[in-house]
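All remarks here apply to the structure that follows.
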Amino acid sequence: MGSAEAVGHGAGGPAPQRIVVGYGFWIFLLSDIVMFSAFFATYGVLLPETAGGPGPRDIFDLTTAGWETAFLLASSFACTIATLGVEQRSQRWTQIGLLVAGLFGVGFLALEFREFADLIEKGYGPERSAFLTSFFTLVGCHGAHVSLGLLWLGTMMAQFYAKGFRETIVHRFLCFSLFWHALDIIWVAIFTVVYLMGVRL
């Protein structure tokens, strides 16, 4: 007897690439959330461990943090404009939205770099105390994610320009937009827990 050909969902054969990639991306995103949760917990535990050095109220500048927040939120809005452009298959609005999102992302990183540089210049680097170590780790890890996100954003702009709105490219962009919006959500948590609550301690 010949073997019957497997048909239907789960009856045999590999899953479509779109499903495999989407599933893998969600695992990555959830693992990132778990990692940041651990960093938040570590920061909360080490917050009072200043080793006689400065605490949150002594070093945090809400004006700078506020501008950083505004830049990231504006970047998220621009990314939404790009998403609408992709849905309409508009090269113009897709590129404009991604470009503006990228510029606000670069502005955010510039402010964060200046904040870190000022703290280190004053002698408040990550080696000064456990509190500062946890602060630089949490905020710096987020900044590293934004940097990688900007590289991804530039790649998406190039792919849309060179290859148009192919299904695989559109799917990659949807993954990117989820990642970018997730970074905004994490930053809002950082702004609230680290900066706003910190200046009240």
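Details
- Residue within the range 36-49 that is more than 25 Å from residue 185 (Cα to Cα), at pLDDT below 90 and not in a helix (DSSP H, G or I) present: no
- Residues of the range 164-201 that turn out to be open to solvent by 60 Å² or more (accessible area, probe 1.4 Å) and within 16 Å of residue 145 (Cα to Cα), as a count: 3
- Of all residues in the range 176-201, those that are part of a helix (DSSP H, G or I), over 16 Å from residue 156 (Cβ atoms) and in contact with a Gly (Cβ under 9 Å, 6 or more places away or on another chain) total 4.
- Within the range 44-100, the residues that satisfy the criterion of being of a type in the set (Phe, Trp, Tyr) and farther than 16 Å from residue 178 by Cβ are 60, 67, 71, 93.
- Residue in the range 54-66 that is modelled with pLDDT of 95 or more, open to solvent by 60 Å² or more (accessible area, probe 1.4 Å), closer than 30 Å to residue 116 by Cβ and not aliphatic (A, V, I, L, M) present: no
- Scoring residue 69 on the criteria (1) part of a helix (DSSP H, G or I); (2) over 15 Å from the mean Cα position of the chain (by Cα) leaves a single failure, condition (2).
- Index of the failed condition, residue 165 passing every other in (1) in a helix (DSSP H, G or I); (2) among the hydrophobic types (A, V, I, L, M, F, W, C); (3) more than 22 Å from the chain's Cα centre (by Cα): (1)
- The range 81-97: number of residues that are assigned to a helix (DSSP H, G or I) and touching a residue at least 60 places away in the same chain (Cβ under 8 Å): 6
- Scanning the range 22-50 for residues that are aliphatic (A, V, I, L, M) and open to solvent by less than 80 Å² (accessible area, probe 1.4 Å) gives 29, 35, 38, 41, 46, 47.
- From the list 124, 161, the lone residue that is open to solvent by less than 70 Å² (accessible area, probe 1.4 Å) and not hydrophobic (A, V, I, L, M, F, W, C) is 124.
The values are calculated or read from the model by the stated rules, or taken from the named source; none is laboratory data. Quick caveat: nothing in here was measured; it's all calculated off a predicted structure. FYI the Cβ positions are ideal-geometry reconstructions off the backbone, even for glycines, and counts take in every protein chain you see. Just the protein is used for accessible areas: all its heavy atoms, side chains included, with ligands, DNA and RNA removed. Shrake-Rupley method; radii C 1.70, N 1.55, O 1.52, S 1.80 Å.
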